[in-house]
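First comes the structure, then the notes that go with it.
Coordinate-derived values only; no laboratory data. Given the structure is predicted, the values throughout are model-derived calculations rather than measurements. Neighbour counts run over all protein chains shown; Cβ positions are idealised from the backbone, glycine included.
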Amino acid sequence: MKYSSIAEAYEKIEATTKRLEMTDYLVEILKETPTSLIDKVVYLTQGKLYPDFVGIEIGIAEKLAVRAVARSAGHREKDIEEDMQKTGDLGETTQKFMKKKTQATFFSVPLTVERVYETLDKMANSTGSGSVDLKLSLLAGLLSDASPSEAKYIVRTVTGSLRLGIADMTVLDALAVAFGGGKETREQLERAYNISSDLGRVAKLVAEEGIERIKQFKVLPGEPIRPMLAERLSSSAEILEKLGGKCRAEYKYDGERIQAHKKKDEVILFSRRLENITDQYPDGVEYIRKHVKAEEAIVEAEAVAVDPETGEMKPFQELMHRRRKYGIKEAMEEHPITLFMFDVLYVDGKDLTLQPYPVRHRYLEKIIEQTDNVKVAESTIAENPEQLEQFFETTVESGSEGIICKSVNEDSVYQAGARGWLWIKYKRDYRSEMTDTLDLVVVGAFHGRGKRAGTYGAFLLAAYDPDKDVFETVTKVGTGFTDADLEKLPKMLNKHKISHKHPRVDSTLDVDVWFEPAVVIETRGAEITLSPIHTCAMNVIRKESGLAMRFPRFTGKYRVDKSAEDATTTQELVEMYRSQLKKIDG
């Protein structure tokens, strides 16, 4: 298959501002792709070579990519760097310079998807002495045979800034249309993806064997399950009403969420974002190996930093010392952890994700051998607001963030990859009016003036609507940023800069710079109000009104542990607004 077919599809996808058109272009290219290559095309369209949990990244620094472009286009590195300063996109610059190559290539061979993928794979797996020169040579070789358009997308892919903004759900929609018989089969494909986290494998299976085979998809140790997420409410009475009058409430620990996969003596740990973090927690690996009493299991836990002298729980920030490649042993001794187990998804061949929560909890208590460093999360059954409130106060006193209230009804299955009302968060922050923080997605920016001239002055933020798979604007934030933040944020956002509003962004406001939805920041505001300008939950509360956050302020916290789709949802904002009204009426 010619790589030019993919580059042409990317050009169309990048140019459209309509989400349905984006999906249609994706359907076209997937139908054109041989089934033997479908997984590779899906990965490349995501800007990667493998699913995230494999942990293999192409990892080409921008400077090295500039050198490769200079070599293949026959221009000075300095000229390329200067142009990139103007365009803000090495891909655009590459396309421009490849159009005016100074040296003709007499023996160029049309690029195939196979060659591009295999070359990028060699680059990603090249390590040690001489690897930089090898990567430079491989990339320059590809670019020499590439058309200007192909070169643009190859460079963007290797530098991690493809900028198509195609979400997993868009790919699933396209797969359902291309191979499943229509969008109504998306649910089966989504279930397979949610329990495997491997979009390429799901694509290949449905393309080769059809939707019936997808229905038989199974949970497998070693393939991370996309985590279930919780909604939030601000009173114990509301929570119990939502959960049918009874729930299991458990501590919400201020740690790092870990999904542990055990296959005999082999243990793999995945983060909330499904990155392989096994090397960061050698002590956690040993705890799982010794104290999970099953041959094979998938369990979820919160890893919490604990003071070795007092036994007191430390805040999440302490675990950041574990995020390193070297000195892990020292970090482990200085920042020991306790694993608080809160769910089990698989045990010795049994997929428990479709079992009600009480069944899963019984399995958890059965297979976990509790020690000082391995515990089942402390919990209680609550059947009235007073019980729930008392337990909440106890958890806060002991240093936890609050509680998670879980449905104990028959339908309380594990909703992999979804946020629903089977789990509800109740935190200290939610108790006073809008002292709660929101995790919002940066979708646009406004140029700064005065002291902020030359950088961004404010940012347009959005919440996520999972039903529509769009990001709806909720506020514009310009306060709370330090000088260091204003230097850091443009660098974080640069690789996500695009020339027009993204098809998955719903905004009536215009901005100076648009971004694909990717970077999540934490904000705090005074209250949630109705707004004719912002699109969040438009027409849900009142006709021709959305929801907005008043007096927003950046808290200083970058939610690098969250993808854009993990951001605060529009439904959460609707619930928060309604809770405010109840307080006023009361």
### Task
Quick one: grab the alpha carbon gyration tensor of the stretch 198-284, order the square roots of its eigenvalues as a ≥ b ≥ c, and give me rounded if a/c is under 1.5, else prolate or oblate depending on whether a/b is larger than b/c.
oblate
## Note on the structure
The helix 62-73 Cα axis meets the longest alpha-carbon principal axis of the chain at an angle in degrees, between 0 and 90 and rounded to 10, of 20
### Query
Between residue 561 and residue 266, what length in nm is gained on full extension when 0.36 nm per residue of separation is reduced by their alpha carbon distance?
103.7 nm
### Query
Under a 5 Å amide H to amide H cut-off, with H placed in plane at 1.01 Å, what residues pair with residue 420 once short-range neighbours are removed?
229, 231
### Contact order relative to length of the stretch 437-585, as percent, for alpha carbon pairs under 8 angstrom and 6 or more apart
28
### Task
Hey, can you grab everything whose amide H is under 5 Å from the amide H of residue 457? Only 5+ residues off in sequence or another chain; H modelled, so Pro and N-termini drop out.
446, 447, 448
### Query
If you place +1 on the Cβ of every Lys and Arg, -1 on the Cβ of every Asp and Glu, and leave all else neutral, what size is the dipole of the stretch 229-431 about its Cα centre, to the nearest 20 Debye?
640
### Query
For the stretch 492-499, what does the Karplus curve 6.51 cos²θ - 1.76 cosθ + 1.60, with θ = phi - 60°, yield as ³J(HN,Hα) per residue in whole Hz, taken in order and with x for Gly and Pro?
5, 8, 4, 5, 9, 5, 10, 7
### Query
At a Förster radius of 35 Å, what calculated FRET efficiency corresponds to the Cβ-Cβ distance of residue 389 and residue 317, to the nearest 0.05?
0.80
### Query
Among 143, 112, 554, whose Cα sits farthest toward the positive end of the charge dipole of the chain (+1 at Cβ of Lys/Arg, -1 at Cβ of Asp/Glu, about the Cα centre)?
143
### Message
Using the crude model of +1 on Lys and Arg Cβ and -1 on Asp and Glu Cβ, and no other charge, please compute the dipole size for the chain relative to its Cα centre, in debye to 20.
### Response
1580
## Note on the structure
Length gained, residue 541-residue 122, 0.36 nm per residue minus C-alpha separation, equals 145.5 nm
### Query
Among 29, 540, 367, whose Cα lies farthest out toward the positive end of the dipole of the chain, if unit charges sit on the beta carbon of Lys, Arg (+1) and Asp, Glu (-1)?
29
### Query
What is the chain's relative contact order, in percent, from Cα pairs under 8 angstrom and six or more apart in sequence?
12
### 10 Å Cβ shell holding at most 13 others, DSSP loop, chymotrypsin sites (Phe, Trp or Tyr not before Pro): longest site-free stretch of the chain
327-586
### Task
Figure the gain on full extension for residue 54 and residue 354 (residue separation times 0.36 nm, minus the Cα-Cα span) and round it to one decimal in nm.
105.4 nm
### Task
Using DSSP, restrict attention to beta bridges with both residues in the stretch 318-429 and report what percent are antiparallel, rounded to the nearest 5.
70
### Task
Would you calculate a helix-derived [θ] at 222 nm for the chain, using -39,500 (n - 2.57) for each DSSP H run of n ≥ 4 and dividing by the full residue count, to the nearest 500?
-11000 deg cm²/dmol
#### Entry: Between 0 and 90°, nearest 10: helix 113-124 axis offset from the chain longest Cα axis
70
### Task
Mind sorting 201, 323 by how few other Cβ atoms lie within 10 Å of their own Cβ, fewest first?
323, 201
### Task
Post the alpha-carbon centroid distance, the stretch 297-375 to the stretch 212-277, in whole angstrom.
12
### Query
Which residue, chosen from 271, 5, 303, occupies the Cα position most advanced towards the positive end of the dipole of the chain, where the dipole is computed from +1 (Lys, Arg) and -1 (Asp, Glu) charges on Cβ about the Cα centre?
5
### Query
Tell me, what ³J(HN,Hα) does each residue in the stretch 157-173 have, in order and in whole Hz, if you take phi through Karplus 6.51 cos²θ - 1.76 cosθ + 1.60 with θ = phi - 60° and put x for Gly and Pro?
5, 5, 9, x, 9, 5, 6, 6, x, 7, 7, 3, 5, 5, 5, 5, 4
### Query
Hey, what do the phi angles of the stretch 347-359 turn into as Karplus ³J(HN,Hα) couplings, whole Hz, using 6.51/-1.76/1.60 and θ = phi - 60°, x for Gly and Pro?
9, 6, x, 9, 7, 9, 5, 9, 8, x, 4, x, 5
## Note on the structure
Measuring from its Cα centre, the stretch 1-99 shows a charge dipole (+1 at each Lys and Arg Cβ, -1 at each Asp and Glu Cβ) which, in debye to the nearest 20, is 240
### Task
Relative to the longest principal axis of the C-alpha atoms of the chain, give the angle of the C-alpha long axis of helix 570-585, reported between 0 and 90° and rounded to the nearest 10°.
40
### Query
Considering amide H positions built from the backbone, and no H for Pro or chain starts, which residues 5 or more places from residue 505, or on another chain, come under 5 Å of its amide H?
471
